Amino acid sequence: MKVVLGVTGGIAAYKAAELLRLLQDRGLEIQVVMTRHACEFVRPLTFVALSGRKVITGMFGEAGSEANGESAIEHIAVAQSLNALVIAPATANVLAKLAHGIADDFLTTLCLATKAPVIVAPAMNVNMWQNAATQENLAALRGRGVKVVEPEEGYLACGMTGAGRLASVEAIARAVCETLGLRDDLKGETVLVTAGPTEEPLDAVRYLSNRSSGKMGYALAEAARRRGARVVLVSGPTHLDVPAGVEAKRVRTAQEMGAAVSSHLGEASIVLMAAAVADFQPAQFRSQKIKKRKGAPSLKLKATRDILGEITRQRRAHQLVVGFAAETENVIENAAQKLKAKRLAFIVANDVTQEGAGFEADTNIVTLLFPDGRQKPLEKMTKLEVANRILDEVVELRKSGGQG
Ligand code: PMT
């Protein structure tokens, strides 16, 4: 989801950098727009470095503008693509412009051009805050659906004490997340997710692996993070970017994945095992490339470590463990056996033979199986949606005191 963070010219402008971080942490894509006066307080470069993208500072690339690629109609493109616009800090001047529909720079023009929800976090001197003009402007904005994150009382930069200090960045971030419908029902939880395949080396150049892309596990990590959890992602080799705010540990083999899971298990309150861990590895590793000779060499395999089995044995009472089962036949029966053997909270049965399900696809089709025999088949949906449905069940189990 894309959010524009508008920064206007007040002493609290530096706090917008921290707000940017908090919003990124919730997996949001942030475009910063600064007014000319804001640039007097904080250099746009600060936000370029933090957001990793250009900062828009003017309508026409005028002198002093740090934007590149700005054009007279860019505000329309930005206005149409965003999901919310938050202005923090919002000065009395900008609030007055918004209240009167004045559009004399990029930010105020964007406010007129967008249909996305607008949130303002005012910050100013106490007398300016209490002035009837400011209060009437705010009343007009509220009347049009603008969300106002009230300033706090306290010592102000101007030396006076009273209302006008920018609300905490946490409160502003919360208002943005609420507006976007982002839940924080996993706040306080530490979610350990495994994703992707493992690679089991055979010789200096060859290995055994499988078709897992990591998309399902990464979607779980992203969804859990967006819902407020701390997320540790233990990932086999993939080409995917780590979702914002997620702590990632890259591993290669089942042995390494097991070690990483084991070292983070103590911190985790929820474990989601989406990785396609190799069940077998070559019995012997050759440090030199095996030479082509007459007749193919035979390959001897041995079992890898059973990570889920280890978790089952080590699991503490408060830890909720969810497993996956990738099956090609007798899907429900086989998954139900794994659910029972591993004493899981529930298992995600994945018939990987179906079109649009399983390995590599952006979508998945799964059935959730519970220890009491309940089955929840889910229709075909994106892996992010599947991830959220799995997390809905986790949250329900938490509420009812249930666990694996
Ligand atoms: O990565 P994608 O391309 O998005 O594909 C998604 C997926 C198909 C990989 C995913 O949806 C899925 O089904 N993951 C589980 C794959 C798997 O290895 O299933 P399994 O039935 O072999 O294993 C059962 C459970 O034991 C799994 O939770 C697995 O992580 C775990 N396991 C397996 C073997 C092993 N040695 N140790 C384990 O912990």
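The values are calculated or read from the model by the stated rules, or taken from the named source; none is laboratory data. The shown structure was predicted, so the numbers you read here are calculated from the model rather than taken from an experiment. As a convention, Cβ positions derive from the backbone with ideal geometry for all residues, glycine included, and neighbour counts pool all protein chains shown. Ligands, DNA and RNA are excluded from the accessible area calculation, which covers all protein heavy atoms including side chains. Shrake-Rupley method; radii C 1.70, N 1.55, O 1.52, S 1.80 Å.
Of everything in region 279-289, what is open to solvent by 50 Å² or more (accessible area, probe 1.4 Å), within 16 Å of the ligand (Cβ to nearest atom) and assigned to a loop (DSSP other than H, G, I, E, B)? Give them in sequence order.
If the condition is that a residue be open to solvent by 50 Å² or more (accessible area, probe 1.4 Å), within 16 Å of the ligand (Cβ to nearest atom) and assigned to a loop (DSSP other than H, G, I, E, B), then Asp279 is the only one that fits.
Among the strands (runs of 3 or more DSSP E) contained in region 290-404, which hold 2 or more residues that are open to solvent by 20 Å² or more (accessible area, probe 1.4 Å), hydrophobic (A, V, I, L, M, F, W, C) and at negative phi?
It comes to 301-303, 320-327.
Please state which of the following conditions Asn210 fails to meet, knowing it meets all the rest: (1) in the same structural domain as Ala88 (by TED's automatic domain parsing); (2) touching a residue at least 24 places away in the same chain (Cβ under 8 Å).
Condition not satisfied by Asn210: (1).
Looking only at helices (runs of 4 or more DSSP H) that fall completely inside region 1-84, which ones have 2 or more residues that are small (Gly, Ala, Ser) and at pLDDT 95 or above?
Where helices (runs of 4 or more DSSP H) fall fully within region 1-84 and carry at least 2 residues being small (Gly, Ala, Ser) and at pLDDT 95 or above, they are 15-25.
Which one of Val193, Val205, Val242, Val271 is in a strand (DSSP E or B) and more than 10 Å from the ligand (Cβ to nearest atom)?
Val193 is the lone residue from the list that is in a strand (DSSP E or B) and more than 10 Å from the ligand (Cβ to nearest atom).
Can you find a residue that is open to solvent by 40 Å² or more (accessible area, probe 1.4 Å), assigned to a loop (DSSP other than H, G, I, E, B) and not small (Gly, Ala, Ser) anywhere in region 164-183?
Yes, region 164-183 has at least one match.
Condition first: closer than 29 Å to Ala326 by Cβ, within 24 Å of the chain's Cα centre (by Cα) and outside any strand (DSSP E or B). Can you find one or more residues in region 140-163 that meet it?
Scanning region 140-163 turns up no residue that is closer than 29 Å to Ala326 by Cβ, within 24 Å of the chain's Cα centre (by Cα) and outside any strand (DSSP E or B).
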